[in-house]
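The values are calculated or read from the model by the stated rules, or taken from the named source; none is laboratory data. In this text, all values refer to a predicted model and were calculated from it rather than measured experimentally. With ideal geometry, Cβ positions are generated from the backbone for all residues, glycine too; neighbour counts draw on all protein chains shown.
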Amino acid sequence: MHLALFDFDGTISTKDTIFNFIHFSCKKRKIFFGYFVLIPVFILYGLKLLSHHKAKEIMLVYYFGGWDKNELIACADRYSEEVIPNIIRPAASDRIKWHLEQKHNVVVVSGSLDILIGSWCKKRGLDLICTELDLSSDTVTGKLASNNCFAEEKPIRIKEKYFLEKFSHIYAYGDSSGDRAMMALAHESHYRPFES
């Protein structure tokens with residue numbers, strides 16, 4: 001059995017889906033003021049005084065806290081249908097198709113949110129391990145329901161779902177330092193392979 005692990009943002013897609021979704025779903029005024037309100041968050045994260053998980057959660061709380069759950073889900077569905085197909089790298093799509101034709105287990109392992117890329121993965125028969133937004137109440141808090149699926153969290157989540165020893169060959173595809181821990185699991189890793 002073979003396993004293929006794909007990062008999404010920057011590897012399969014040309015854009016960061018969370019930032020892209022913010023621009024798709026939020027009013028320009030909210031986006032503009034967010035750049036200033038969140039400057040301390042980005043500075044603290046850059047200085048490694050704030051975790052990636054916490055920085056992402058603060059940003060999501062600012063932009064999506066207070067939304068009606070069904071409204072946010074509907075907006076995310078529109079984003080998935082209207083935007084995601086236009087930001088997929090053709091070479092990445094071809095590689096995924098090749099793995100599926102070989103009957104490999106193909107998994108997207110991403111820091112993006114389940115409501116943004118879940119539908120895209122499901123339609124293509126891909127497993128998904130990602131960051132999950134807390135949608136347990138009718139009003140969105142912006143809080144995360146899972147650990148942020150980034151860096152060292154990626155292999156943790158992969159090992160929770162898969163017994164890696166049963167795979168004779170593991171492929172991994174990534175594009176950033178946040179993918180290195182995942183790529184270390186692989187027999188064959190590819191860094192930024194789909195950029196033209």
Next on the checklist: Would you confirm whether or not segment 86-103 contains a residue that is touching a Phe, Trp or Tyr at 6+ places or on another chain (Cβ under 8 Å), closer than 24 Å to Phe42 by Cα and either assigned to a helix (DSSP H, G or I) or at pLDDT 95 or above (or both)?
Outcome noted: no
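Inspect all residues belonging to segment 37-54 and state whether any of them is among the basic types (Lys, Arg) and assigned to a helix (DSSP H, G or I). Don't jump to the end; show me each part of the working.
First, the residues of segment 37-54 that are among the basic types (Lys, Arg): 48, 54.
Imposing the further condition that a residue be assigned to a helix (DSSP H, G or I) reduces the set to 54.
Taking every residue of segment 37-54 in turn, at least one turns out to be among the basic types (Lys, Arg) and assigned to a helix (DSSP H, G or I).
With respect to Gly174, determine if the residue is touching a Ser or Thr at 6+ places or on another chain (Cβ under 9 Å) and either free of Cβ contacts under 8 Å to residues at least 60 places away in the same chain or within 18 Å of Asp7 (Cβ to Cβ) (or both).
On the way: touching a Ser or Thr at 6+ places or on another chain (Cβ under 9 Å): yes; either free of Cβ contacts under 8 Å to residues at least 60 places away in the same chain or within 18 Å of Asp7 (Cβ to Cβ) (or both): yes.
Yes; evaluated as a whole, the condition is true for this residue.
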Item to check | helices (runs of 4 or more DSSP H) lying entirely in segment 112-192 (those with 2 or more residues that are among the charged types (D, E, K, R) and under 30 Å from Lys48 (Cβ atoms)) | outcome: 153-161
Checklist entry - Is segment 121-137 home to any residue that is of a type outside the set (Lys, Arg), in contact (Cβ under 8 Å) with a residue 60 or more places away in the chain and exposed (fewer than 15 other Cβ atoms within 10 Å of the Cβ)? => result yes
Checklist entry - In segment 164-179, what count of residues is obtained for those that are within 17 Å of Val108 (Cβ to Cβ), within 16 Å of the chain's Cα centre (by Cα) and of a type outside the set (Asp, Glu)? => result 5
Next on the checklist: Looking at segment 13-31, can you tell me whether even one residue there is among the aliphatic types (A, V, I, L, M) and either under 17 Å from the mean Cα position of the chain (by Cα) or within 30 Å of Asp127 (Cα to Cα) (or both)?
Outcome noted: yes
Next on the checklist: Based on this model, can you work out whether Ile88 counts as closer than 21 Å to Glu71 by Cα, surrounded by 15 or more Cβ atoms within 10 Å (Cβ to Cβ) and under 14 Å from the mean Cα position of the chain (by Cα)?
Outcome noted: no
